[in-house]
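A quick write-up on the structure given underneath.
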Amino acid sequence: MKLTVAEKIIKKHLVKGEMNKGEGIGLKIDQTLTQDSTGTMAYLQFEALGIDRVKTKRSVAYIDHNTLQAGPENADDHLYIQSIAKKHGIYFSKPGNGICHQVHLERFGVPGETILGSDSHTPTAGGIGMLAIGAGGLDVAVAMAGGEYYIDMPKIVNVKLTGKLKPGVSAKDIILKVLEICSVKGGVNKIFEYSGEGLKSLTVPERATITNMGAELGATTSIFPSDEVTYEFLKAQDREEDFTELKADKEAKYDEEIEINLNELKPLIACPHSPDNVVKVKELEGKKVNQIAIGSCTNSSYMDLMKVSNILDGKTISEDVSLVISPGSKQVLNMLAENGALAKLVSAGARILECACGPCIGMGQAPNTNGVSLRTFNRNFKGRSGTTSADIYLVSPEVAAVSAITGVMTNPLDYDYDLDVKMPEKFLINDNLIKAPAEAENDVSIVRGPNIKPFPETKALENEIEGNVLIKVGDNITTDHIMPSNAKLLPYRSNIPYLSEYCLTPCDENFPKRAKENDGGIIVAGTNYGQGSSREHAALAPLYLGVKAVIAKSFSRIHKQNLINNGILPLCFLDESDYDDINLLDKLVIKDLLTQIDNDFIILKSKDKEYKLKLTITDRQKEMLLAGGLLNLIKSN
């Protein structure tokens, strides 16, 4: 059988099931990563598993999200994660070392291996030829404990790239084009695998930009082959021993194919408030801009910021623009400082932020009221920036830098800048902010701050579910809607009781109060419910408030699994028009659930009417729901 790149890695790591499209499979996980926004909860769950030492080849804990320390909460969580890492065999990347995905690409990514991360942008590592998947923290905890990770065997989409990008057109424009073609829900249960002659001219950081933002497609992951370009990158990182060539077989079969001619691609921009709302920059030329932010795990590499530096060299940003730049890692910042590029950025008027996620996660730099912000980030959901009334546009570093000078949206193809940045033959290697774990036998004490609260417990599935509709929401509700993640709330990511007071408040400020008054209940939603971040807090906070089920037209992959992991039923309308017939505070009843769970559909009763619901789950997911969640199932076994 001729295999694709993704299929080769899956076959090598397959421990449960068969590689039949749509069927459940279990994969052995080589590496894991966590970040501090999701990490505290993941390590609390890891502790609950009772495992002394991680079983993976390499697990890394990064501090890159909650770095704004306005009180003790974030610092306390950092100390907890650091002590857990030291004790249980996990490498620890200190604050200031950089964004998890950028650092992992530089220092730890290994072609042909699997990595599971408690961050939805973990597929960034697909740029180096890894099968890299984002998941909830509990799934990552189980992987660290040696358990396999389960997905439905995805379809493989071949994105064939031909030609070569013109100066001023970038890798960001490639992924924006794919989003324009496929939409934010077009990648569910699919892997996007890139091929074609156009690969030869794309560096690993450019490939990583594409795989990073593949998360916005809802895809399981995205991946590039591991080739001579990959080898040169690893060699420059002094890691050539990690290289493995990995290419698709010539006669490999794909389920779908998209072809993009790079010669014809133009600079693109994603308009508010969705990454797939894509138009040509040319169509918006001249629109006034208030803020520009360059960075994030999508576009903060050395190559990206060198292009920005070249554009800004000898220029001054517009008096009406605030320009902030977040280097992706300490390595990037050090190299910019050594070669003088950093001075050019500062001289032009850029404000240099720390090597962290920063504005991308809503941690500072919120735009002005009704402001227009151009960002080289991956998401522009309404309110994610910290300013609900702001309009956020997603662009390439080239578009951002040129627009910073003019003060309006500007097409970089109309300007002549030196964008021919060469990949370094040798990156600056300094891993002094990455701390190795203690030996297997150790007496490291775990540090627990007062803000760290236990995660909510679940119970076995009951035979009857009864509850009122607590909220009815529309399509493409994100995890930012379900569990906001702004600078005020991020410090409380280890405190579910506190966070629950803000659950779904961007959609309805009375939701937490209504959930308590009704002793829990049911959420009703449209299509693609739970898109965006992998944060399992979007399942844990509803669980704490007594939510028993979510009935939607469809779910995003990661959030559906997080609901199941925590014992919440993810049900879909068999007839989507039934959504229109159910209203706020309607009483919903499902009887004989333990029998119905094996049927083709489940009967829901409301207002003397019956509705048919689908529960599309694997046998293992059924076991999890019956047990009341993944942790209960593991403990029972």
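Read-outs throughout are calculated quantities, based only on the coordinates presented, and are distinct from any laboratory measurement. Note that the structure is predicted; figures quoted are calculated from it, not measured. Virtual Cβ from ideal backbone geometry, glycine too; neighbours counted across all protein chains shown.
A few remarks follow.
- Placed amide H near residue 520: partners under 5 Å, 5+ positions off or other chain: none
- HN-Hα J in Hz across the stretch 232-241 - Karplus 6.51, -1.76, 1.60, θ = phi - 60°, x for Gly and Pro: 4, 5, 5, 4, 5, 8, 6, 9, 4, 5
- Neighbourhood charge, 14 Å Cβ-Cβ cut-off, centred on residue 583 and excluding it, Lys, Arg +1 and Asp, Glu -1: 0
- Over the chain, Cα pairs under 8 Å with separation of 6+ residues give a relative contact order of 15 percent.
- C-alpha long axis of helix 302-312 to longest principal axis of the chain, angle in °: 50 degrees
- Take every Cα pair under 8 Å whose residues are at least 6 apart in sequence, average their separation, divide by the length of the stretch 96-247, and the relative contact order is 29 percent.
- Reported to the nearest whole Å, the Cα centre-to-centre distance from the stretch 45-79 to the stretch 271-320 is 33.
- When Rg and Dmax are taken over the Cα atoms of the stretch 123-265, they come to 15.3, 48 Å.
- Square roots of five times the Cα gyration tensor eigenvalues for the stretch 5-264, Å: 30, 21, 17
- For the stretch 522-566 and the stretch 411-431, distance of Cα centres in Å: 41 Å
- Phi-derived couplings, Karplus 6.51 cos²θ - 1.76 cosθ + 1.60 at θ = phi - 60°, listed residue by residue for the stretch 421-426: 8, 8, 5, x, 6, 8 Hz, with x used for Gly and Pro.
- Between 0 and 90°, nearest 10: helix 330-339 axis offset from the chain longest Cα axis: 10 degrees
- Shape summary: the stretch 558-637 maps onto an equivalent ellipsoid whose semi-axes, from the alpha-carbon gyration tensor, are 25, 13, 12 Å in decreasing order.
- Helix 72-88 and the long axis of the chain differ in direction by around 90°, with both axes built from C-alpha atoms.
- Taking packing as the residue-averaged number of other Cβ atoms within 10 angstrom, the listed peptides 508-514, 551-557 run from highest to lowest as 551-557, 508-514.
- Evaluating kT/(6 pi eta Rh) at 4 °C and 1.567 mPa s, with the Kirkwood radius of the stretch 1-78 over Cα pairs in the Stokes-Einstein relation, gives 84 µm² s⁻¹.
- Residues in the stretch 584-595 carry Karplus couplings, in order, of 3, 6, 4, 8, 10, 9, 10, 9, 6, 4, 5, 8 Hz; the curve used is 6.51 cos²θ - 1.76 cosθ + 1.60 with θ = phi - 60°, and Gly or Pro positions show x.
- Spatially proximal aspartates and glutamates relative to residue 382 (Cα-Cα < 17 Å; intrachain offsets below 8 disregarded): 216, 276, 391, 475, 480, 508, 509
- Each principal axis of the Cα cloud of the stretch 1-138 was taken in turn, and the coordinate range along them, longest first, works out to 56, 31, 23 Å.
- When Rg and the Kirkwood radius Rh are both evaluated on Cα atoms of the chain, their ratio Rg/Rh stands at 0.95.
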